[in-house]
Amino acid sequence: MGTWDTGPFDNDTAADFAFTFDESAPEDREGLVRATLSRAARARGEIEASDGEEAVAAAALVASQCPGGEPVTSSFGPDKVLPVFPPELRAIAVDALDRILAEESELAELWDESGDGPRWRRGVTRLRAVLAPVPPPQPDVLLDR
């Protein structure tokens, strides 16, 4: 795995995904992100590391448009303007990240074997939290009858 750090675009596969994104026609970019996330979310059995790396990058693009999301500033990320992603992509991205963090994930296995595994997991978990924030607890309201 050609990896230099734990960020979403800090590996060769994610950088290649960003290049493909930039080379795609503007009207095809959302579809590329959707297909990448769906492939990871629907994977059966072990998800391959390369599919996981692309999906983490795609999830970072979607998360960048969410409240609390961070803009993609990596020099290895896309240079082109992002389309406005529809809200339903958030759920697909969450499903993809859940699969990537699961036991049957080659990418998670590779990271867990490295010293940076906990830091990588924290970064992916942060992305997931931006995509699916936990609503604040609601006070119990008693209704008079």
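Which peptide among 2-15, 89-102, 70-83 comes first, and what is the full order, when sorted by highest mean count of other Cβ atoms within 10 Å?
Order by mean packing, descending: 89-102, 2-15, 70-83.
Find out how many positive minus negative residues lie around Asp10, taking Lys and Arg as positive, Asp and Glu as negative, among other residues whose Cβ is under 12 Å from that of Asp10.
-3
Suppose only helical runs count, i.e. DSSP H with n ≥ 4. What mean residue ellipticity at 222 nm does that imply for the chain under -39500 (n - 2.57) per run, divided by all residues and rounded to the nearest 500 deg cm²/dmol?
-16500 deg cm²/dmol
Report the calculated FRET efficiency for Glu113 and Glu70 (r = Cβ-Cβ distance, R0 = 25 Å), to the nearest 0.05.
0.40
Please get the size of the charge dipole for the chain, origin at its Cα centre, with Cβ charges of +1 on Lys and Arg and -1 on Asp and Glu, quoted in debye to the nearest 20.
640
Taking a virtual spin label 7 Å from the Cα of Thr20 along the C-beta vector, which residues in the stretch 45-59 bring their backbone nitrogen under 15 Å of it?
Answer for the stretch 45-59: 48-59.
Which angle between 0 and 90 degrees, to the nearest 10, do you get for helix 49-63 versus the longest principal axis of the chain when only C-alpha atoms count?
Between the helix axis and the principal axis of the chain, the angle is about 50 degrees.
The chain: percent of C-alpha pairs farther apart than 18 Å?
Across the chain, Cα pairs with separations above 18 Å total 55 percent.
Could you work out how far apart the two model spin labels at Glu103 and Asp5 are, taking each label as a point 7 Å from the Cα in the direction of the beta carbon, and quote it in nm?
For Glu103 paired with Asp5, the spin-label model returns 3.4 nm.
Mind checking the alpha-carbon convex hull of the stretch 43-99 and giving the volume per residue in Å³?
Dividing the Cα hull volume of the stretch 43-99 by its residue count gives 89 Å³.
How far is helix 117-131 tilted off the main Cα axis of the chain, in degrees rounded to 10, range 0 to 90?
With both axes taken from Cα atoms, the answer is about 50 degrees.
So how much slack lies between Asp12 and Thr125, counting 0.36 nm per residue of separation and subtracting their Cα-Cα distance, in nm?
Full extension from Asp12 to Thr125 adds 38.6 nm.
Report the one residue of Trp120, Val130, Ala18 whose Cα lies farthest in the direction of the positive end of the charge dipole of the stretch 12-131 (charges on C-beta: Lys and Arg +1, Asp and Glu -1; origin at the Cα centre).
Selected residue: Val130.
Laboratory data are not the source of any read-out in this text; all were calculated from the coordinates shown. Note that the structure is a prediction, hence the values are computed from the model and not measured. Neighbour counts are summed over all protein chains in view; Cβ atoms, including those assigned to glycine, are modelled from backbone coordinates with ideal geometry.
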